[in-house]
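Everything on this sheet refers to the single structure shown next.
Bear in mind that the values in this text are calculations on the coordinates, not laboratory data. Because the structure is predicted, anything quoted here is derived from the model rather than measured. Methodologically, a virtual Cβ is constructed for each residue, glycine included, from the backbone with ideal geometry; neighbour enumeration extends over all protein chains shown.
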Amino acid sequence: MVQIAPSILSANFSDLRSEIDLVTRAGAHALHIDVMDGHFVPNITIGPPVVASIKQVTRLPLDVHLMINDPDKFIPAFIKAGADRLSVHIENGIHIHRTISSIKSAGVKAGVAVNPGTPPGTLYEILPILDFILVMSVNPGFGGQKFIESSIDKIRRLNQVITTRKLKTIISVDGGVDVENTPMLVQAGARLLVAGNAIFGAPDPFQAVKKLIEASKTTKFLKNE
């Protein structure tokens, strides 16, 4: 089953609880939380206290994406705050194998995010220990950007390697996801779709979640078997 994870970066933060309740009732499978530090990416968002507050008002898993320098320093705080899944970037992971291992040892699902300009081959050595890969289909740092079409081929290549090696690693995609490109992303091998502006920027976010779920069912998924 393909899962939909609304990205709260595009939500109305003055009424965040209502926004979360809305997408939950619509059938969302997780909440995606973008953490930015103004250094690794040109924006600043939220920290562990907000994640902890969100944890108190939702039953959905929290998919926390760390777009920060020195992620090892802050991982324990986000785990304590309630992250169910944590992803760090391959581009700033000096000792990425150790970082992923430390996340998993805490009982949290661990993933690696990869920017549009980074080739998928950088992930091949650590694929066996990854719970998921987060393919960035925009350059990270801001919501509402245009989807980068070459991301579909990157997902397809990663899926082929995962399938050939008989791994259980899940492919997630974040950036410019909408009802038009969802079938292609699913066909390429994505199993978790992160969508921000396509949901919270829509006139009816409830129906936007429903439409993404339906779009994800319109094509046969290439299973990792």
Item to check | Evaluated at q = 0.10, 0.22 Å⁻¹: base-10 log I(q)/I(0), Debye formula over Cα of the range 1-139 | outcome: -0.31, -1.49
Checklist entry - What nm value, rounded to one decimal, do you get for the distance between residue 101 and residue 210 when each label is placed 7 Å out toward the C-beta? => result 4.9 nm
Checklist entry - For residue 70 and residue 124, what does the FRET efficiency come to when R0 = 25 Å and r is the distance between their Cβ atoms, rounded to the nearest 0.05? => result 0.50
